[in-house]
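Written below as structure tokens is the structure these notes are about.
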There are 2 protein chains.
Amino acid sequence: MVALGGIGEIGRNMTVFEYNGKLLIVDCGVLFPEDAQPGVDLILPDFRYIEDRMDDVEAVVLTHGHEDHIGAVPFLLRLRGDIPVVGSKFTLALVAAKCREHRLRPKLIEVREGERTTHGPFECEYFAVNHSIPDAIAVAIRTPAGLALHTGDIKLDQLPLDGRLTDLAGFSRLGDEGVDLFLVDSTNAEVPGFVTPERQIGGVLDQVIGKARGRVIVASFASHVHRIQQIIDVAHTHNRRVTFVGRSMVRNMQIAQDLGYLHVPDGVEVDMDTAATLPDHRVVLISTGSQGEPLSALSRMARGEHRQINIRSADLVVLASSLIPGNENSVFAVVNGLAKLGATVITQQSAKVHVSGHASAGELLYLYNAVRPSNAMPVHGEWRHLRANAALAEATGVNPDRIMLAEDGVVVDLVDGQAQIVGRVPVGHVYVDGLSVGDVGESTLSERLVLGEGGFIAITVAVDSTTGRAVSTPEVSGRGFSDDPDALKSAADLVDQVLDTLAAEGVSDTHRIAQGIRRTVGRWVADTYRRRPMIVPTVLAVGD
Amino acid sequence: MVALGGIGEIGRNMTVFEYNGKLLIVDCGVLFPEDAQPGVDLILPDFRYIEDRMDDVEAVVLTHGHEDHIGAVPFLLRLRGDIPVVGSKFTLALVAAKCREHRLRPKLIEVREGERTTHGPFECEYFAVNHSIPDAIAVAIRTPAGLALHTGDIKLDQLPLDGRLTDLAGFSRLGDEGVDLFLVDSTNAEVPGFVTPERQIGGVLDQVIGKARGRVIVASFASHVHRIQQIIDVAHTHNRRVTFVGRSMVRNMQIAQDLGYLHVPDGVEVDMDTAATLPDHRVVLISTGSQGEPLSALSRMARGEHRQINIRSADLVVLASSLIPGNENSVFAVVNGLAKLGATVITQQSAKVHVSGHASAGELLYLYNAVRPSNAMPVHGEWRHLRANAALAEATGVNPDRIMLAEDGVVVDLVDGQAQIVGRVPVGHVYVDGLSVGDVGESTLSERLVLGEGGFIAITVAVDSTTGRAVSTPEVSGRGFSDDPDALKSAADLVDQVLDTLAAEGVSDTHRIAQGIRRTVGRWVADTYRRRPMIVPTVLAVGD
């Protein structure tokens, strides 16, 4: 097997199992870009390894409906539209909605926990697992080479709101049978102990919303149906109506209601216009934007730019959500904006209004002890998470030599019940920017980083194609360089000198002239400003 | 009084007190830029309000030696070199070192807690306060208008390592006298309870370092003398030598030793070359880079690029430091880099190896109750912190109408013992980029943001100055736009068409030609790629 994404990073999960030339894919998600990837919308798994073998793909199995597990499915289906897409009901509903936006009609195969399906040489068995989205599954994959178990994203809430426990009993049964390779969610392996049951959030929300005098706005992930169920229940208890705000919130809650995952008592949900006519203490708005996404409903409220919702000083805003590392500046900007407008803001720092969807170390020990794998492989984590997970595997008795610390592209082979790293396939970042995939690569990104840090100075001149003499006044202009209109004045004189010198030397080659200009202006700007803008000389040859 | 920085943000603290036309400045620090301020090195307080009144400045009082309180002193002294700079011994030693780098010789006035100084109409009295750097002070300022007390950065460690308690008794005495305006550190006002005493870190470090088998590397702030003292003491206990790594660490620890703030037992400190000859279990390296600064010693180790130190699998790395919001990506990149190289990494998330230097809510209540101010003003915080601090002031009985929720530039007047907001002076961000101050402004930054997100497309053509006909082949090239060399191919044809059309219409004005090119290419790239690079047309007129 080989991961084309998701190991050594959190996001774009995609694992490819291979047997006898046939391929089974587990998950196909996207990764969201960091600061060092400016302008990028999404990062995809690297499909190169399977691109020429799309006909060998038997199916793609999706463990649950989060973007980092399903977001790249449309891009995979562009390579071959009729790959069977296997998943649980709620997962497939989200995939179908996503594919509609891409004008794709995937071939969907719905499965439930306890069921089995066969795809070529791969026999798959599905197990209920508990996560921060309904209907998540783990998948066991049997081939003649052995039995692999992939947890997907998992935690072990022992009092889940929907009563759907992670199937530890099923895992134990597999353990009795003998699991040859156990792929385990590493996200919270560094965190000691156990995740608080989701249902305890309900009590906290009841306290917080019960005390509120004015309007209440709760931000949460748009796929966290159980969290939102609890918000609705609390609102109902306190005789408030709820309104969904934000495109993905409205869409997902409609799907969740249609499929029976979300229960909104009659008359509790109202649209925005109705909510606006109700007294403030009768309203709960349930909104997107918990990660400070600049275009989200909550961010627009915080900037005072939302068309329908003006934040007032009696408003209570609850961020019932995690704070994903890297989003701190955006989230705190939202909190500060709301605070400046007078709202009271409650986050997980000030009240227990969020619990994680990923097993902490204590729960992972239960998993290892149930499964007793002969080989273990931490997945879904950065290096710090993978290492912490490996230590837990070792603590439960997995032979350290049989714990695979891999990363994207590392090929793990299972022979005679023993896993080993046997090679590596090329895996890079595949960037989506606007409409196109893959044309923005590392060299474009490094140019963007240079431009973003220092702007550029463009020097443009037309020269006679035979003599190399300037036939226009050189234009020197900067963008992203300085607010001072005279900042580049003396650079223009320098360019004149360079042109004169080169012409006197009989240089008429535009590349050599451009090089001379770049070198001189670059040195001047480093000496004068100690800055490194991009230097962009353009020398046009005129007259042939 | 008016803050020229530090309210509504954490950083570049600078408060100006005014009486009878004379000015007293408290602190003069820098702010470190965020993502939205690319390429900026530092952000200064906005001096405009005092620029033309430098002769009225009686003194600048520095509460302690952190960059966000002293970093802009050299830039202030460039406006007038002989402003008296008042502070405690350790603070002034750091200021002097900083000024030497700027080739400035400031006029320093050393004060101690309990002392008083007079600067024009301002009578200042200094109080010991406890923070994450030695020798911090609060300052009380008496004028005929009343008595103001500024905490500076403060916490109330009741068992400080140096025995130097925050002078709550002195504050109570001032409270008896009657404090008219109390300016209070808001940084941790949102955090309930009390900060754990610094000395408890020592026990944790002893456990962690005591168990280590190999080399130990501890990263910490280079000014946190007490933290580093504890690291040294623990190293000594376990018969390890210490080596300071990183320019600011080496410099500051030398100053701290010279002035008697840091005590290194004889023979414990060794230089890097000696450390390299010792067995791993005899070494503790004390390093900069706890915030993931890319050029710091620790970051270079994590990337495998440090000249002298190669991370090995038995290494233990301890980040005995906070994680300042916004630095998460950099810090986790360092942790992942170290983990990938095999090191074990301990952070404040896995062990209590850090405590904050700022009072939590519980301590702030002690402060308000000791001082019993008639007017209070939260400072040193973003809006969320200011609001939380205001709530604490109100809880202790300060009249809500007399709690000044201000921000930078807001002028607060004290008349007849009552503070009120009376106006506002312009305060913007003043950026230092390379050698110059202020020439990079908001318009340059917004160009950098556009360039950083999407790069640019430059279109260059020479036209006959009378006919407007192209006399060169138009050059179309992108930077930071695409890795695909053919990405802009069809744009070149478009430009030809635009030029032909305009020439046929008899347009020879280069601005109008440029405008036509910009519009056409901009529309094309939006339709084709759904991206928004900067479009930069340059039309050179040739032949007069």
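Each row is one residue, and each column tells you yes or no for (1) surrounded by 15 or more Cβ atoms within 10 Å (Cβ to Cβ); (2) more than 16 Å from the chain's Cα centre (by Cα); (3) not assigned by TED's automatic domain parsing to the domain that holds B:Asp52.
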{"site": "B:Asp68", "(1), (2), (3)": "yes, no, no"}
{"site": "B:Gly71", "(1), (2), (3)": "yes, no, no"}
{"site": "B:Leu76", "(1), (2), (3)": "yes, yes, no"}
{"site": "B:Arg80", "(1), (2), (3)": "no, yes, no"}
{"site": "B:Val86", "(1), (2), (3)": "yes, yes, no"}
{"site": "B:Leu92", "(1), (2), (3)": "yes, yes, no"}
{"site": "B:Lys98", "(1), (2), (3)": "yes, no, no"}
{"site": "B:Leu104", "(1), (2), (3)": "yes, yes, no"}
{"site": "B:Lys107", "(1), (2), (3)": "no, yes, no"}
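Please enumerate the residues belonging to segment A:479-490 that are open to solvent by 30 Å² or more (accessible area, probe 1.4 Å) and either touching a Pro at 6+ places or on another chain (Cβ under 6 Å) or more than 7 Å from every other protein chain (Cβ to nearest Cβ) (or both).
Passing the criteria: A:Pro485, A:Asp486, A:Lys489, A:Ser490.
Among (1) of a type in the set (Lys, Arg); (2) within 22 Å of B:Lys89 (Cβ to Cβ); (3) in contact with a strand residue (DSSP E or B) (Cβ under 8 Å, 6 or more places away or on another chain), there is one condition B:Arg227 misses while meeting the rest; what is its number?
Status for B:Arg227: all satisfied but (3).
Out of the residues in segment B:42-53 that are open to solvent by 10 Å² or more (accessible area, probe 1.4 Å) and touching a strand residue (DSSP E or B) at 6+ places or on another chain (Cβ under 9 Å), state the one that is farthest from B:Val432 (Cα to Cα).
Selected residue: B:Arg53.
Consider only pairs whose beta carbons are under 6 Å apart and that are at least six residues apart or on different chains; among these, list those whose first residue lies in segment B:174-192 and is more than 13 Å from B:Met377 (Cβ to Cβ) and without any contact (Cβ under 8 Å) to a residue 40 or more places away in the chain and whose second residue is of a type in the set (S, T, N, Q) and not in a helix (DSSP H, G or I).
none
Would you check if there is a residue in segment B:306-321 being closer than 30 Å to B:Arg384 by Cβ, in a helix (DSSP H, G or I) and either open to solvent by less than 10 Å² (accessible area, probe 1.4 Å) or free of Cβ contacts under 8 Å to residues at least 60 places away in the same chain (or both)?
No: segment B:306-321 contains no residue that is closer than 30 Å to B:Arg384 by Cβ, in a helix (DSSP H, G or I) and either open to solvent by less than 10 Å² (accessible area, probe 1.4 Å) or free of Cβ contacts under 8 Å to residues at least 60 places away in the same chain (or both).
Which one is farthest from the other protein chains (Cβ to nearest Cβ), of the residues in segment B:433-473 that are open to solvent by less than 20 Å² (accessible area, probe 1.4 Å), in a loop (DSSP other than H, G, I, E, B) and over 30 Å from B:Ile43 (Cα atoms)?
For segment B:433-473, the residue satisfying everything is B:Gly468.
Specify the residue that is nearest to the other protein chains (Cβ to nearest Cβ); the eligible residues are those in segment B:186-195 that are crowded, with 16+ Cβ neighbours inside 10 Å and not aliphatic (A, V, I, L, M).
Out of the qualifying residues, it is B:Glu190.
Give the residues of segment B:359-406 that are of a type in the set (D, E, K, R) and out of contact with any Leu (no Cβ under 8 Å at 6 or more places or on another chain), sorted by residue number.
B:Arg372, B:Glu382, B:Arg384, B:Glu394, B:Asp401, B:Arg402, listed by residue number.
One line per residue, one yes/no per condition, for (1) modelled with pLDDT of 95 or more; (2) of a type outside the set (Ser, Thr, Tyr); (3) over 30 Å from A:Val398 (Cα atoms); (4) touching a Lys or Arg at 6+ places or on another chain (Cβ under 8 Å):
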{"position": "A:Leu319", "(1), (2), (3), (4)": "yes, yes, yes, no"}
{"position": "A:Glu328", "(1), (2), (3), (4)": "no, yes, yes, no"}
{"position": "A:Val355", "(1), (2), (3), (4)": "yes, yes, no, no"}
{"position": "A:Glu382", "(1), (2), (3), (4)": "yes, yes, no, no"}
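Please enumerate the residues belonging to segment A:504-534 that are open to solvent by 40 Å² or more (accessible area, probe 1.4 Å), within 26 Å of A:Glu453 (Cβ to Cβ) and among the aliphatic types (A, V, I, L, M).
A:Ala526 - this is the single residue of segment A:504-534 that is open to solvent by 40 Å² or more (accessible area, probe 1.4 Å), within 26 Å of A:Glu453 (Cβ to Cβ) and among the aliphatic types (A, V, I, L, M).
To keep it simple, each residue is scored yes or no on (1) among the charged types (D, E, K, R); (2) touching a helix residue (DSSP H, G or I) at 6+ places or on another chain (Cβ under 7 Å).
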site	(1), (2)
B:Asp413	yes, no
B:Val471	no, no
B:Glu475	yes, no
B:Arg479	yes, yes
B:Gln497	no, no
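Under the condition of being part of a strand (DSSP E or B) and open to solvent by 10 Å² or more (accessible area, probe 1.4 Å), which residue from segment B:16-41 is farthest from B:Ala148 (Cα to Cα)?
B:Leu31
Here is a list: B:Thr510, B:Thr473, B:Thr538, B:Thr501. Which entry is in contact with a Ser or Thr (Cβ under 6 Å, 6 or more places away or on another chain) and of a type in the set (Ser, Thr, Tyr)?
Only one candidate qualifies: B:Thr538.
Residue check: is A:Val525 touching a residue at least 40 places away in the same chain (Cβ under 8 Å) and closer than 16 Å to A:Ser477 by Cβ?
Taking the combined requirement at face value, the residue satisfies it.
Would segment B:323-344 turn up any residue that is in a helix (DSSP H, G or I), more than 12 Å from chain A (Cβ to nearest Cβ) and either open to solvent by 30 Å² or more (accessible area, probe 1.4 Å) or among the small types (Gly, Ala, Ser) (or both)?
No, the conditions are met nowhere in segment B:323-344.
Give the residue, chosen from A:Glu382, A:Glu407, that is among the acidic types (Asp, Glu), under 30 Å from B:Val191 (Cβ atoms) and within 24 Å of the chain's Cα centre (by Cα).
Going through A:Glu382, A:Glu407 in turn, the sole match is A:Glu382.
Report, ordered by the first and then the second residue, all pairs with beta carbons closer than 9 Å, sequence separation of six or more or different chains, a first member in segment B:371-386 that is more than 14 Å from chain A (Cβ to nearest Cβ), and a second member that is among the basic types (Lys, Arg).
Listed by first residue and then by second, the contacts come to B:Pro373/B:Arg402; B:Ser374/B:Arg402; B:Asn375/B:Arg402; B:Ala376/B:Arg402.
To keep it simple, each residue is scored yes or no on (1) of a type in the set (A, V, I, L, M); (2) open to solvent by 30 Å² or more (accessible area, probe 1.4 Å); (3) part of a strand (DSSP E or B); (4) under 25 Å from A:Asn13 (Cβ atoms).
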| residue | (1), (2), (3), (4) |
| --- | --- |
| A:Ala148 | yes, no, yes, yes |
| A:Asp153 | no, no, no, yes |
| A:Asp157 | no, no, no, yes |
| A:Pro160 | no, no, no, yes |
| A:Gly170 | no, no, no, yes |
| A:Arg173 | no, yes, no, no |
| A:Asp206 | no, yes, no, no |
| A:Ser223 | no, no, no, yes |
| A:Ile228 | yes, no, no, yes |
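Just checking, does segment A:251-260 include any residue being open to solvent by 10 Å² or more (accessible area, probe 1.4 Å), modelled with pLDDT of 95 or more, under 32 Å from the mean Cα position of the chain (by Cα) and of a type in the set (Gly, Ala, Ser)?
There is at least one residue in segment A:251-260 that is open to solvent by 10 Å² or more (accessible area, probe 1.4 Å), modelled with pLDDT of 95 or more, under 32 Å from the mean Cα position of the chain (by Cα) and of a type in the set (Gly, Ala, Ser).
Within segment B:504-522, restricting attention to residues that are farther than 30 Å from A:Leu42 by Cα, part of a helix (DSSP H, G or I) and without any contact (Cβ under 8 Å) to a residue 40 or more places away in the chain, which residue is nearest to the other protein chains (Cβ to nearest Cβ)?
Step by step, filter segment B:504-522, then rank; the result is B:Ala514.
Restricting to segment A:397-418, what's the tally of residues that are among the small types (Gly, Ala, Ser) and modelled with pLDDT under 95?
Result for segment A:397-418: 2.
In segment A:42-127, which helices (runs of 4 or more DSSP H) lie fully inside it and hold 2 or more residues that are more than 26 Å from A:Val225 (Cβ to Cβ) and of a type in the set (D, E, K, R)?
Where helices (runs of 4 or more DSSP H) fall fully within segment A:42-127 and carry at least 2 residues being more than 26 Å from A:Val225 (Cβ to Cβ) and of a type in the set (D, E, K, R), they are A:48-51.
When segment A:259-284 is examined, which residues are found to be within 22 Å of A:Leu161 (Cα to Cα) and in contact (Cβ under 8 Å) with a residue 12 or more places away in the chain?
A:Leu259, A:Tyr261, A:Leu262, A:His263, A:Val264, A:Pro265, A:Val268, A:Glu269, A:Val284
The values are calculated or read from the model by the stated rules, or taken from the named source; none is laboratory data. The structure displayed is predicted, hence computed values, not measured ones. Glycine gets a Cβ as well: all are built from the backbone with ideal geometry, and neighbour counts include every protein chain shown. Side chains included, ligands, DNA and RNA excluded: accessible areas come from the protein's heavy atoms. Shrake-Rupley method; radii C 1.70, N 1.55, O 1.52, S 1.80 Å.
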